[in-house]
Amino acid sequence: MVSVAVVGSGISGLICAQTILKQLPEVKVAVYEWGRGPGGRTARRRVSINETSLSFDHAAPFFSSSTKLFRDGILNDWIDRGIALPWVGNFASFSGNDDSTITTSTERFTGVPTMHSICKSLSNDIVTGGGEMLFGRHVLSANFDTVSDDCNSGRWRISANNRFAADKAMQLENRQFDALVLSDKLLVLPNQYAILSEAETGELISLPPLKSEACVVLLLAFNKPAPSTFPGSSNTVWDVLKRGNNDEDKNAKNIEGSDSAVRLIVHESAKPHRDDSKLDMWVVHSGSNYALKRLRPEIDGEAPSLENEDSVKSEMIAEFLQILNNQDSNPVQYTPDAVAYSSVMVWDHAQVRMTDRLHKTHLLDHERRVGVCGDFFSGEDGKEKQQSATGVEA
């Protein structure tokens, strides 16, 4: 029986595994995932506030639909199954340092009840279709073993550490597969998580060095005021482009706002099926340069962290409040004292730098049966629509 290993259980990896099982049900598919569950950019952060459990979409807060492949196939299926819905609301974009805004109605979609629901459902589909979801597996290496120089007889040997194994002697797992798909940029970026050595890249050598951008994520919750009186009630997303950035030559959208403490504001409580909490929830992303300047130097084997977490949180909250409270339509003002919950976290590899993204859907080494897909393909915005397409193509 032919077997395929997919490393990474974000949108692209899961769509790839699901597509294989649908088109070739006789193939055995195993999906490796470092974390406790699927997610990737649809990951959520769960917190407990006054004995109330809340979920924040701290990574990708929403997605859009611009391709027929995604809209007519994958997205419609998600909507029919009740795991995604249109998110109707206004998109407010700051036009400059004067805090003026341009508000437009933009079609967006979000997972229901959270973004994580999409990957969770896809993961369940894979298991139902006969595939394996191998959570808690840190893939250490992938090596192509051949008999003599005959690639047709070669197989991929995956070495992984099972973080959930009770017996330490059982932690290291080695399995062989006929084909391999890498669906996470961290597996190919020059960093501590890369699993292909230079000798193993083969035809994938055409994959250029990729650099990722970080951001700091602020999670906020306020005691909820009356629905018609909370600040910014007419807007659901703020795209903060040039705030705090006086370089007029920087016209690229990915550069604008990169030095700002607040780059993106998302009103979580305005999403479909999110209004049942007594708290008003928000997610705020910083600019990439802002995050880079406040990160501790990276140390192999350690999670990234901020030099001064309290200072970063205070700066981001102050900037967030200034933006919302400066809206002319706001009948009330939020203050730091009204914050019921706040925390910051580092999203160190939030996305591949826009200028590094590849104008392809995937890369494939036919001879050795290994492919690469993920949000670093296509020159578009890397949201779930691109990840879905690259997964299908791979």
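One line per residue, one yes/no per condition, for (1) at pLDDT 90 or above; (2) under 23 Å from Ala84 (Cα atoms); (3) assigned to a strand (DSSP E or B):
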| site | (1), (2), (3) |
| --- | --- |
| Ala5 | yes, no, yes |
| Leu14 | yes, yes, no |
| Pro25 | yes, no, no |
| Pro38 | yes, yes, no |
| Ser53 | no, yes, yes |
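Of the set (1) out of contact with any strand residue (DSSP E or B) (no Cβ under 6 Å at 6 or more places or on another chain); (2) modelled with pLDDT under 75, all apply to Leu204 but (1). Against the conditions (1) open to solvent by 40 Å² or more (accessible area, probe 1.4 Å); (2) at pLDDT below 90; (3) within 15 Å of Val31 (Cα to Cα); (4) among the aliphatic types (A, V, I, L, M), Leu187 satisfies every one except (1). Among the residues of segment 338-345, is there at least one that is under 25 Å from Trp87 (Cα atoms) and at pLDDT 90 or above? There is at least one residue in segment 338-345 that is under 25 Å from Trp87 (Cα atoms) and at pLDDT 90 or above. If the condition is being in a helix (DSSP H, G or I) and surrounded by 12 or more Cβ atoms within 10 Å (Cβ to Cβ), then segment 261-310 contributes Glu268, Ser269, Ala270, Ser288, Asn289, Tyr290, Ala291, Leu292, Arg294, Glu309. Just so you know, in segment 71-111 the residues that are at pLDDT 95 or above and assigned to a loop (DSSP other than H, G, I, E, B) include one that is surrounded by the most Cβ atoms within 10 Å (Cβ to Cβ), and it is Ile83. Among residues of segment 120-144 being modelled with pLDDT under 95 and among the small types (Gly, Ala, Ser), the one that is surrounded by the most Cβ atoms within 10 Å (Cβ to Cβ) is Ala142.
Taking segment 21-37, which residues are touching a residue at least 60 places away in the same chain (Cβ under 8 Å) and in contact with a strand residue (DSSP E or B) (Cβ under 7 Å, 6 or more places away or on another chain)? If the condition is that a residue be touching a residue at least 60 places away in the same chain (Cβ under 8 Å) and in contact with a strand residue (DSSP E or B) (Cβ under 7 Å, 6 or more places away or on another chain), then Leu21, Lys28, Val29, Ala30, Val31, Tyr32, Glu33, Trp34, Gly35, Arg36, Gly37 are the ones that fit. When the test is whether a residue is at pLDDT below 70, surrounded by 15 or more Cβ atoms within 10 Å (Cβ to Cβ) and not in a loop (DSSP other than H, G, I, E, B), Leu180 does not pass it.
Scanning segment 18-26 turns up no residue that is out of contact with any Leu (no Cβ under 9 Å at 6 or more places or on another chain), open to solvent by less than 10 Å² (accessible area, probe 1.4 Å) and acidic (Asp, Glu).
The values are calculated or read from the model by the stated rules, or taken from the named source; none is laboratory data. Everything quoted here is computed from the prediction, not taken from an experiment. So basically every Cβ, Gly included, is an ideal-geometry build from the backbone, and we count neighbours across all protein chains shown. Protein only, heavy atoms only, side chains kept; ligands, DNA and RNA dropped before computing areas. Shrake-Rupley method; radii C 1.70, N 1.55, O 1.52, S 1.80 Å.
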